[in-house]
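Participant: Sharing a structure, written as structure tokens. Questions coming.
The values are calculated or read from the model by the stated rules, or taken from the named source; none is laboratory data. All values reported here derive from a predicted model rather than from experimental measurement. Neighbour counts run over all protein chains shown; Cβ positions are idealised from the backbone, glycine included.
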Amino acid sequence: MVFALVFSISAVLAAIAGFMVAPITGTSIGIENQIVILSMVVIIICGIGSIFCAFM
């Protein structure tokens, strides 16, 4: 039950983040490369599991 609740909350937060970033970035061919590179930079700088960096 807890797993389903946490999963649904994270899915809602991901959808909200997608709605917020879509007008800024737009869509084009190869957009996934930019997002993956930015995500890897954040993971490398902050580390995995850092709560502080999750809100940056």
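Participant: Note down all Cβ pairs under 9 Å where the first residue falls in segment 1-21 and is without any contact (Cβ under 8 Å) to a residue 12 or more places away in the chain, the second is of a type outside the set (Phe, Trp, Tyr) and surrounded by 10 or more Cβ atoms within 10 Å (Cβ to Cβ), and they're at least six residues apart or on different chains.
Facilitator: Listed by first residue and then by second, the contacts come to VAL21/ILE35.
Participant: How about segment 17-29: which of its residues are part of a helix (DSSP H, G or I) and either at pLDDT below 85 or surrounded by fewer than 10 Cβ atoms within 10 Å (Cβ to Cβ) (or both)?
Facilitator: GLY18, PHE19, MET20, VAL21, ALA22, PRO23, ILE24, THR25
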